[in-house]
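Q: I'd like to ask some things about the structure below.
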Amino acid sequence: VCSSDLFVQHKSWGYGVIVSHDFLLSQVIIDFKSKKGHPMQFQYAGESLTALSPDHIAARRFKDLDGIRQMAQSDPASLVRIVLGSLGGRATQDQITAELVPDVFNDAALKKWWESAKRALKADPLVGVPQKKSEPYVLRQEALSQTEELLAAFNATRTLKDQIIALDNLAKALGQFADSSKLQPVVAAIEDAAKKNVKLKTGETLQLLALRDEIIARHPSLTAGADVPAIAAILRENDRSLTALLGELPVSKLKKVILALPDAFSDHWST
């Protein structure tokens, strides 16, 4: 194969490389993974094949598989960026790993590698990491800081459950927010969601308020709303179902809520 290899993709046969041309017969010879030396007429090839960039992961695997394997170990985030760029800038975990098995990894090795790759991707400002496995990783045109990414992830949420997941991630990085004012809209959004859901989704509301209090405790310049129900007030209103309500809370939020019990029941705390 010469240095002017043309890499292509067929919707049924996958990736391949054009290894020769026969102008007398008006055909090209293509090595697909499952069909070596496959001839195709020029016209049919032009209609059914998509040309790939030399930087496409399939081309890189074909030309320098050992180099790709070394990159996987030394710089997993860069390898994932190559895959994302090859797949249009967006791809799920399953789509990414499908480009690496079986040539770069077998299934067992991939599982172990992906855990370290995810840690590298979370620190990579050029890759947007999804909250859910079914959602795509995104290759960014411009780098985002981790705090900007966390704020963007929270702002993109649409459900209480997703808000809580995004806030849990944000809470782990509170020390990185040099500008506390960027968190004030987050506090306001939490309180708005709490007011709307306190009756129907009381457990989730308590989790939101616990996270709000954690944010404000770490950044005292932030202010809480005056008309937002306090954790103690919610507990007092739900005293008859307190055991069930506390049972809904994850351990990470339970301590904060339990510490509000004396305030909630100060008039008959011993009882």
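Q: Compute a Gaussian network model of the chain, connecting alpha carbons closer than 10 Å, and tell me which residue from L222, L242, L151 fluctuates the most.
A: L242
Q: Let me ask something additional. With volume of the Cα convex hull per residue in Å³ defined as stated, name the option among [x] 139; [y] 203; [z] 175 computed from the structure displayed.
A: Computed from these coordinates, volume of the Cα convex hull per residue in Å³ corresponds to label [z].
Q: Tell me, what % of the accessible area of the stretch 157-271 is carbon and sulfur with a 1.4 angstrom probe?
A: 53
Q: Per residue, what accessible area does the chain have, given a 1.4 Å probe and all protein chains present, in Å²?
A: Averaged over the residues of the chain, the accessible area is 57 Å².
Q: Which whole-Hz ³J(HN,Hα) couplings does the stretch 22-33 yield from phi under the Karplus relation 6.51 cos²θ - 1.76 cosθ + 1.60, θ = phi - 60°, glycine and proline marked x?
A: Coupling constants for the stretch 22-33: 10, 6, 5, 9, 6, 9, 10, 10, 10, 9, 8, 4 Hz.
Q: Using alpha-carbon pairs under 8 Å, 6+ residues apart, how would you state the relative contact order of the stretch 39-154 in percent?
A: Value for the stretch 39-154: 23 percent.
Q: Relative contact order for the stretch 12-105: what is it in percent, counting Cα pairs under 8 Å that are at least 6 residues apart?
A: 17
Q: Next up: I'd like the Karplus ³J(HN,Hα) series for the stretch 191-201: coefficients 6.51, -1.76, 1.60, θ = phi - 60°, whole numbers in Hz, and an x wherever there's a Gly or Pro.
A: So the J values, rounded to whole Hz, are 5, 5, 5, 5, 5, 6, 10, 4, 7, 8, 10.
Q: Then there is this: So how tilted is helix 146-155 from the main axis of the chain? Cα-based, degrees 0 to 90, rounded to 10.
A: 70
Q: Another question about this same structure. Cut-off 10 angstrom, C-alpha nodes, Gaussian network model of the chain. Which of Y137, Y44, Y15 fluctuates the most?
A: Looking only at Y137, Y44, Y15, the biggest GNM fluctuation is shown by Y44.
Q: Considering the chain as a Gaussian network with a 10 Å cut-off on Cα pairs, which listed residue, A173, A91, A58, attains the greatest mean-square fluctuation?
A: Ranking A173, A91, A58 by mean-square fluctuation puts A173 first.
Q: I need the P(r) histogram for the stretch 1-144: all alpha carbon pairs, bin width 10 Å from 0 out to the longest distance, whole percents.
A: 11, 38, 29, 16, 5, 0
Q: Got the relative contact order for the chain handy, in percent, Cα pairs under 8 Å and 6 or more residues apart?
A: With pairs under 8 Å counted, the relative contact order is 9 percent.
Q: Right, here's the next one. Quick query: amide H of V127 versus all other amide H atoms, modeled in the peptide plane; which residues come in under 5 Å with a sequence gap of 5 or more or a different chain?
A: HN-HN under 5 Å from V127: R140.
Q: Distance between the C-alpha centers of the stretch 220-271 and the stretch 85-164? Whole Å please.
A: Centre-to-centre distance over Cα atoms comes out at 36 Å.
Q: Given the rule -39500 (n - 2.57) for each run of at least 4 DSSP H residues, summed and divided by the residues of the chain, what is its mean residue ellipticity at 222 nm, to the nearest 500 deg cm²/dmol?
A: -14500 deg cm²/dmol
The values are calculated or read from the model by the stated rules, or taken from the named source; none is laboratory data. Note that this is a predicted model, so its numbers are computed, not measured. Heavy atoms of the whole protein, side chains included, go into the accessibility calculation; ligands, DNA and RNA do not. Shrake-Rupley method; radii C 1.70, N 1.55, O 1.52, S 1.80 Å.
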